[in-house]
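Can you read through this structure? Questions will come right after.
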Amino acid sequence: MNIQGADRLSKLPVYLFDDLDAQKAAEVAKGVDVIDLGVGDPDRPTPGYIVEALKQAVDNDRNHHYPSYKGLPEYRRAVAHWYKTNFNVDLDPEKEVLACIGSKRGVADLPMALCNPGDVVLVPNPCYTAYLPGILMAGAEVHFMPLLEENDFLPDLDAIPEPVRHRAKLMLLNFPGNPTAALGPLSFFQKVVEFAEQYNIIVSHDAPYSEAVFDGNRQPSFLETPGAKEVGIEFHSVSKVFNMSGWRCAHAVGNAEVLACLGKMRSNVDMGVFQPIQYAAIAALTGSMDFTREMCRVYNRRRDVLIEGLNRLGWNVRKNPASFFVWTRVPQKGISSGEFAAAVLKKSGVLFTPGRGFGEYGEGYIRIALTVEEDRLREAVDRIEKAGFVYI
Ligand SMILES: *Cc1c(COP(=O)(O)O)cnc(C)c1O
């Protein structure tokens with residue numbers, strides 16, 4: 001036998017975290033107690049009332065069958081209710097809500113449902129790594145929109161060349177941004193809607209951190225923007241703000257025609273979210289938001305401990321307004337983000353994600369996840385100081 005993967009597989013990058021996992025495993029094998037500030041996976045457990053809802057639903061054998069790919073009617077109504085309560089956005093649960101087995105899957109399927117070979121997809125850079133595979137698999141072209149600090153990490157729509165605008169079919173956005181931690185204001189969304197209308201571009205906003213905001217900030221839903229539902233959709237997920245990353249439950253909401261394309265694609269390749277998990281997510285979405293608010297306070301304190309600690313070492317880190325991430329410049333001159341992250345891991349056992357892993361405009365930055373307890377963050381700062389990464 002001569003087994004070879006398809007040519008299109010070779011277009012896919014090595015999954016960023018595989019590489020980090022290998023570096024981490026090498027340190028762990030040497031006996032190092034690695035403080036992993038790499039992947040942004042919520043560290044605390046799913047709240048008990050959500051786990052209880054799953055347990056009850058799993059005892060009901062009506063929930064043991066193939067689920068509908070669209071999501072239970074109760075689930076779609078809960079999502080619509082949540083959008084009304086949190087964003088004052090009206091959604092028709094029948095046509096404007098679609099359940100997904102995680103938004104990672106949703107954002108990967110979307111370009112395959114919408115794009116023909118040769119279509120252009122406008123993609124922020126740096127960006128979440130799962131945006132590219134679906135585009136490449138669809139044979140579409142990527143046009144990167146650089147996210148620069150001087151533009152508050154917002155894409156500069158005016159910089160998109162005219163011919164690209166005409167060939168573009170889809171624009172991807174993500175606020176609060178991963179990895180940049182930037183907020184997307186309504187004034188920016190308004191420009192996006194006008195741009196999308198003018199050039200007939202579908203917009204997909206990925207918003208898994210929309211409630212993870214600090215210092216009185218607010219992240220509006222893209223769908224709050226007048227006209228947004230005519231041009232696009234939004235992905236939201238229970239993974240991050242309800243500590244449910246392992247459960248694989250999310251939803252796409254907004255434009256009914258876009259969702260019909262995505263739904264057709266999904267109905268052919270999967271069967272939907274296990275119903276007890278949907279009932280657990282309903283408990284999350286219809287319950288009080290106290291848990292999420294308390295988690296925000298936890299992340300807020302962690303952020304302050306980490307940033308104040310690093311700034312004592314002369315790192316000059318700006319406080320991120322949202323998300324579980326600190327996105328900051330490599331504090332040392334003349335060294336790449338990958339070299340810096342590797343040096344910190346080797347000398348202090350603290351793992352950061354090099355910004356280059358999120359795209360070329362991520363070079364010069366590192367991403368630090370706030371998904372460990374405060375005492376571990378204090379220890380991380382101590383170790384970094386002892387290892388000599390001090391810039392005063
Ligand atoms: C974590 C993350 C997701 C994935 O969420 P799931 O619903 O768990 O698949 C999607 N987009 C961004 C930007 C993320 O950071």
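The values are calculated or read from the model by the stated rules, or taken from the named source; none is laboratory data. Treat the numbers as computed from the prediction; the structure is a model and nothing was measured. Note that each Cβ is placed from the backbone with ideal geometry, even for glycine, and that neighbours are counted across all protein chains shown. Ligands, DNA and RNA are excluded from the accessible area calculation, which covers all protein heavy atoms including side chains. Shrake-Rupley method; radii C 1.70, N 1.55, O 1.52, S 1.80 Å.
Select from Phe214, Ala113, Thr46 the residue farthest towards the positive end of the dipole of the chain; place +1 on Cβ of Lys and Arg, -1 on Cβ of Asp and Glu, and compute about the Cα centre.
Thr46
Ok, one more. Please report the net charge: other residues with Cβ closer than 15 Å to the Cβ of Asn243, K and R +1, D and E -1.
Net charge around Asn243: -1.
Quote the Stokes-Einstein diffusion coefficient, in whole µm² s⁻¹, for the stretch 256-319, based on the Kirkwood radius over alpha carbon pairs, a temperature of 10 °C and a viscosity of 1.306 mPa s.
Answer, rounded: 99 µm²/s.
While we're on this one: Solvent-accessible area per residue for the stretch 178-307 at a 1.4 Å probe radius, Å²?
33
Apply the a/c threshold of 1.5 to the C-alpha gyration tensor of the stretch 1-79 and tell me whether it is rounded, prolate or oblate.
Taking the square roots of the gyration eigenvalues as a ≥ b ≥ c, the stretch 1-79 is oblate.
First compute the accessible area of the chain with a 1.4 Å probe, then give the percent of it belonging to carbon and sulfur atoms.
51
A further question on this structure: Quick check for you: with a 1.4 Å probe and neighbouring chains kept, what is the accessible area per residue of the stretch 66-117, in Å²?
44
Right, another one. At a 1.4 Å probe radius, which order do Val372, Val269 fall into by accessible area, largest first?
So, going from the largest accessible area down, we get Val269, Val372.
To continue, here is another question. Could you give the angle, 0 to 90 degrees to the nearest 10, between helix 337-348's Cα long axis and the longest principal axis of the Cα atoms of the chain?
60
While we're looking at this one, here's another question. With the alpha-carbon atoms as the only input, what is the per residue convex hull volume for the stretch 46-157 in Å³?
171
In addition: Mind jotting down the distance between the C-alpha centroids of the stretch 115-151 and the stretch 199-244, whole Å?
18
Hey, another quick one. Using only DSSP helix segments of four residues or longer, with each worth -39500 (n - 2.57), what per-residue ellipticity at 222 nm results for the chain after dividing by its residue count and rounding to 500?
One gets -13000 deg cm²/dmol as the mean residue ellipticity at 222 nm.
Could you list the GluC sites (Glu not before Pro) in the stretch 307-392 that lie in coil according to DSSP, counting only those with at most 16 other Cβ atoms within 10 Å of their Cβ?
For GluC sites (Glu not before Pro) across the stretch 307-392 that sit outside H, G, I, E and B with at most 16 neighbouring Cβ atoms in 10 Å, the list reads Glu363, Glu373.
Right, next: To two decimal places, what compactness ratio does the stretch 223-272 give when its Cα radius of gyration is scaled by 2.2 N^0.38 Å?
The value comes to 1.32.
At a threshold of 8 angstrom on Cα-Cα distance, excluding pairs fewer than six apart, so keeping six or more, what relative contact order does the stretch 198-271 reach in percent?
Relative contact order here is 27 percent.
With the cut-off at 29 Å, tell me which of the pairs Lys240/Lys333; Lys319/Lys386; Lys104/Lys347; Lys24/Lys319; Lys104/Lys333 have Cα atoms farther apart than that.
Lys240/Lys333; Lys104/Lys347; Lys104/Lys333
Rounding to the nearest 10 and keeping the result within 0 to 90°, find how far the Cα-based axis of helix 186-199 lies from the longest principal axis of the chain.
So the helix axis and the longest Cα principal axis differ by about 50 degrees.
Here's a follow-up. Long-range amide H contacts for Ile202: which residues qualify at under 5 Å (H placed 1.01 Å from N, peptide plane, sequence gap of 5 or more or a different chain)?
It is Leu170, Met171, by chain and number.
Sticking with this structure for a sec: Under 19 Å Cα-Cα from Lys191, which lysines qualify once same-chain neighbours fewer than 8 residues away are excluded?
Excluding near neighbours in sequence, the set is Lys169, Lys229.
In a Debye calculation with equal point scatterers on the alpha-carbon sites of the stretch 159-234 and no solvent, what is log10 I(q)/I(0) at q = 0.15, 0.19, 0.25, 0.26 Å⁻¹?
-0.51, -0.77, -1.17, -1.22
Can I ask one more? Just to be sure I understand the curve: with the Debye formula and one point per C-alpha of the stretch 93-244, what is log10 I(q)/I(0) at q = 0.15, 0.16 Å⁻¹?
Taken in order of the listed q values, log10 I(q)/I(0) reads -0.75, -0.87.
Using a 1.4 Å probe, how large is the accessible area of Asp375, given in Å² and rounded to the nearest 10?
Asp375 exposes around 100 Å² with every protein chain in place.
Ok, one more. Treating the chain as a set of equal point scatterers at the Cα positions, no solvent, please give the Debye-formula log₁₀ I(q)/I(0) at q = 0.14 Å⁻¹.
Taken in order of the listed q values, log10 I(q)/I(0) reads -1.30.
Based only on Cα atoms, what Rg/Rh ratio does the stretch 284-392 have, Rh being taken as Kirkwood's radius?
1.02
Another question, then. If you take the Cα atoms of the stretch 114-185, find Rg, then find the Kirkwood Rh from the mean of 1/r over all pairs, what is Rg/Rh?
My calculation of the ratio gives 0.97.
With everything on Cα atoms, drop me the angle between helix 73-87 and the longest principal axis of the chain, reported from 0 to 90° to the nearest 10.
In the chain, helix 73-87 runs at an angle near 60 degrees to the longest axis.
Then there's this: Quick one: ranking Ser245, Ser221, Ser288 by accessible area, 1.4 Å probe, largest first, what do you get?
Ser288, Ser245, Ser221
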